[in-house]
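The values are calculated or read from the model by the stated rules, or taken from the named source; none is laboratory data. No experiment lies behind these values; they were computed from the predicted model shown. Virtual Cβ from ideal backbone geometry, glycine too; neighbours counted across all protein chains shown. All accessible areas refer to the heavy atoms of the entire protein, side chains included, with ligands and DNA or RNA removed. Shrake-Rupley method; radii C 1.70, N 1.55, O 1.52, S 1.80 Å.
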Amino acid sequence: MQATNITNPAYFHKVVDCQWACPAHTPVPEYIRLIGQGRYSDAYMINWVSNVFPGVLGRTCDRPCEPACRRGRVEENNGAKPEPVAICRLKRVAADFKDDVSARMPAIAPPNGKRVACVGAGPASLTVARDLVPCGYAVTVFEGEAKAGGFVRTQIPKFRLPESVLDEETGQILNLGVDFQPGKRIESMKALLDQGYDAIFVGSGAPRGRDLEAPGRKEAAAHIHIGIDWLMSVSFGHITQTSERVIVLGGGNTAMDCCRSARRMGGKEVKVIVRSGFEEMKASPWEKEDAAHEGIPILNFHVPKTFEHTDGKLTGMTFELVRAEYDAKGKRSLVPTGEPDVLVPCDEVLIAVGQENSFHWIERDLGLEFDKWGLPVLGEGTFQSTLPQVFFGGDAAYGPKNIITAVAHGHEAAVSIDRLLNGEDVTQRPPPMVNLMSQKMGIHEWSYKNAVSNDHRFKVPWTAAEKALASIKVEVELGFDAATAFKEASRCLNCDVQTVFNRNTCIECDACVDICPMDCISFTSNGEEADLRGRLQAPATHTKQDLYVSAELKTGRVMVKDEDVCLHCGFCAERCPTGAWDMQKFLLNTTQAGPRARDTKSAAAHLNATEAA
């Protein structure tokens, strides 16, 4: 194997599993350390730069960082199922305990004469606005509803996300100087283009819920609702109660929001029914757990057949029972079990079987191309459409995902818009800003807490069930208090504090090998990767994480470290008699729109002009 190039920003970024997994690449260990130090406002601002909505995401994020957390795969003493650090809930701590951060919002550059329109005021559009307004762009955000937030406001129930939290974080962006146009739904892309905007960003979401056509659907239509439309009506107060017996069809997070909302609005017998298996449901595991905690059963492997009704009144649904079978290639099929169909009585049905885009307002003769699924054809990584000045992001780009993905799209689209309007190639993506800084303060002292906690993951307290289920506006999760947040933050393994090896000072004494608690360091002869992985102190079987390989040492051997299971405890650096190992904090900040996102000459010219102004 070749010696590892640790100057490549992607190498140590990949080692920080949580940050690597986050679509917006939030520096997770950095802000968790600050929470542990009680520096909540600093932790909040680190989040705000990357993910824009810390208070919202601290309650609603899909948490791609947590399954990636190193703690979940290296821990041996936490029971049968080791649990990751509660990264999402710690994000909420930063939002809950921060001071007033209004003075820490970015300074606004002088106007540059460029105008950008954003369609929709959801997380993707607001991220574009948050990135471009400080650069001097005049950004107008058009929103069909009265307040900003998009589907975050209309689809996420208030018992999960209080309106005050969303108001605060959308307000922080609008107050930067965004021209917010509420109650103005864009009905024609051609008309918008005719207004002379230099660029247009479409962040209109996936506003149409899929229906379910089955016998009886039309006859009982008055008692059957599309899930996202129903949630919107609940959010606006148009629907204040539901029937006693409710079936929710679908296995995603929208279905979980529907069933939990119905439970609070008079539903005494609320059931979720899915055609797949429980484990295959798209809903986040904690969403399913929350529904179960509130006494909502989930019936799986039930395929809808008919809506039963009498004189237009819905009485129930029939389902065919199926089982999952897999072919030799692992492809799943649902096969009828042969058992009799099941009748489930109900008075109301909420259909939450998916969402799709609705671009009826975009004329098809403008040069904007769409694929066979009705999604815009976009440049990979640029979010630029086939009409160069029009960009898409969030659910409008690639279909329904989640909030943090929409934020990531917004950041990248803003970079593309900024480069386009400065006459630069949008396909060229500027590298992130990275630094490595030694954490050594003495022979055995580090500037970070390198002791590994054996604590179990701490539980977030809930509002009492009788109170929570009595109102759709009472927040269920209460968040960590400061003491518990400190203990949970202490579970973080500080994966961004990297072990950096200097071959020139290594004397190959093997002291680091002896002291390593995970047997992840080896000195051995070089070889091909597959061979080398099997010859280490402990075989490195997880090939998705890299091996750290040194150049050849004096004996002809190489140092090889398995990055997958390293605890970042620093024992190797403490034990090394020559200082060949050092613990260095890796900090990656993705490049956002602005001078640093542009080519050198353009960036220098902009900085000179700004200084002159």
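Mind putting a number on the dipole of segment 1-119 about its Cα centre? Charges go on the C-beta only, +1 for Lys and Arg and -1 for Asp and Glu, and I need it in Debye to the nearest 20.
For segment 1-119, the charge dipole is close to 260 debye.
Arrange the peptides 259-268, 390-399 so that the one whose residues have, on average, the most other Cβ atoms within 10 Å appears first. Show your work: numbers first, answer last.
On the way: 259-268: 22.0, 390-399: 26.7.
With the highest mean Cβ count within 10 Å placed first, the list reads 390-399, 259-268.
Each residue of segment 192-197 in turn: what ³J(HN,Hα) in whole Hz from Karplus with 6.51, -1.76, 1.60 and θ = phi - 60°, glycine and Pro shown as x?
5, 4, 5, 7, x, 5
At a probe size of 1.4 Å, how large is the accessible area of Arg208, to the nearest 10 Å²?
For Arg208, solvent-accessible area is about 110 Å².
Could you tell me what percent of the accessible area of the chain is made up of carbon and sulfur, with a 1.4 Å probe and every protein chain present?
52
Specify the angular offset, from 0 to 90 degrees and rounded to the nearest 10, of the alpha carbon long axis of helix 40-51 from the longest principal axis of the alpha carbons in the chain.
Around 70 degrees separate the two axes.
What does the highest-first list of 514-522, 97-105, 500-508 look like by mean Cβ count within 10 Å?
Top of the packing list down: 514-522, 500-508, 97-105.
Starting from the Cα of Leu478, step 7 Å along the direction of its Cβ; do the same at Asn589; then give the gap between the two resulting points in nm.
That separation, rounded to one decimal, is 3.8 nm.
Accessible area, 1.4 Å probe, largest first: how do Asp496, Asp179 sort?
Asp179, Asp496
At a probe size of 1.4 Å, how large is the accessible area of Met281, to the nearest 10 Å²?
10
Under 15 Å from the Cβ of Glu280, count the other residues' Cβ atoms, weight Lys and Arg +1, Asp and Glu -1, and hand me the total.
My count for the surroundings of Glu280 gives +3.
Which angle from 0 to 90°, rounded to the nearest 10, does the C-alpha axis of helix 163-174 make with the longest principal axis of the chain?
Between the helix axis and the principal axis of the chain, the angle is about 60 degrees.
Can you list which of the trypsin sites (Lys or Arg not before Pro) found in segment 275-330 are DSSP loop residues with at most 10 other C-beta atoms within 10 Å?
Lys329
Could you do me a favour and compute the accessible area per residue for segment 423-579, 1.4 Å probe, result in Å²?
Averaged over the residues of segment 423-579, the accessible area is 50 Å².
Can you give the FRET efficiency for Lys554 and Asp514, using 1/(1 + (r/R0)^6), R0 = 22 Å, r = Cβ-Cβ distance, to the nearest 0.05?
0.70
To the nearest Å, what is the center-to-center distance of segment 287-326 and segment 470-491, using C-alpha atoms only?
Each part reduced to its Cα centre gives a spacing of 33 Å.
Please report, in debye to the nearest 20, how large the charge dipole of segment 480-544 is about its Cα centre when each Lys and Arg carries +1 at its beta carbon and each Asp and Glu carries -1 there.
Result for segment 480-544 is approximately 120 debye, rounded to the nearest 20.
Just how large is the dipole of the chain about the Cα centre, in debye to the nearest 20, putting +1 at every Lys and Arg Cβ and -1 at every Asp and Glu Cβ? Intermediate values should be presented prior to the final figure.
Values: 68 positive and 79 negative charges, 94 e Å.
Once rounded to the nearest 20, the dipole reads 460 debye.
With the dipole of the chain worked out from charges on the C-beta (+1 for Lys and Arg, -1 for Asp and Glu) around the Cα centre, which of Gly72, Ser188, Ser438 lies farthest toward the positive end?
Toward the positive end, the furthest listed residue is Ser438.
For segment 1-78, what is the accessible area per residue in Å² when the probe is 1.4 Å?
32
What pairs from Lys91/Lys158; Lys81/Lys544; Lys81/Lys473; Lys91/Lys401 go past 23 Å between their alpha carbons?
The pairs that break the limit, which is 23 Å between Cα atoms, are Lys81/Lys473.
Could you compute the FRET efficiency for His542 and Asp311, with r as their C-beta to C-beta distance and R0 at 60 Å, rounded to 0.05?
0.45
So how far apart, in nm, are the two label points at Glu163 and Glu380 if each is 7 Å from Cα heading toward Cβ?
Placing both labels 7 Å beyond Cα along the Cβ direction yields 4.5 nm.
Could you let me know the centre-to-centre spacing of segment 139-209 and segment 331-406, using Cα atoms, in angstrom?
Cα centroid to Cα centroid, the span is 19 Å.
Which Cα, out of Leu126, Val248, Ile226, lies furthest along the positive dipole direction of segment 124-251 (beta carbon charges, K/R +1, D/E -1)?
In segment 124-251, that residue is Val248.
Asp371 to Gln195: extension gain in nm, 0.36 nm per residue of separation minus the Cα-Cα distance? Spell out each step's value before the answer.
Values: separation 176, 0.36 × 176 = 63.36 nm, distance 2.69 nm.
Computed gain between Asp371 and Gln195 is 60.7 nm.
Round to the nearest 10 and give me the degree value, 0 to 90, for the angle of helix 253-264's Cα axis relative to the longest principal axis of the chain.
The two axes meet at around 60 degrees.
Is it possible to state the helix-based mean residue ellipticity at 222 nm for the chain, with each DSSP H run of 4+ residues giving -39500 (n - 2.57), the sum divided by total residues, to the nearest 500 deg cm²/dmol? What is it?
-8000 deg cm²/dmol
If we count every other residue with Cβ under 10 angstrom of Arg208's Cβ, Lys/Arg +1 and Asp/Glu -1, where does the sum land?
-2
What does the charge count near Glu145 come to, summing +1 for each Lys or Arg and -1 for each Asp or Glu among other residues with Cβ under 12 Å from its Cβ?
My count for the surroundings of Glu145 gives +3.
Ranking request for peptides 185-191, 581-587: highest mean number of other beta-carbon atoms within 10 Å first, then the rest in descending order.
581-587, 185-191
Out of the GluC sites (Glu not before Pro) in segment 352-394, which ones are loop residues according to DSSP with at most 15 other C-beta atoms within 10 Å?
Sparse-neighbourhood loop GluC sites (Glu not before Pro): Glu363, Glu369, Glu380.
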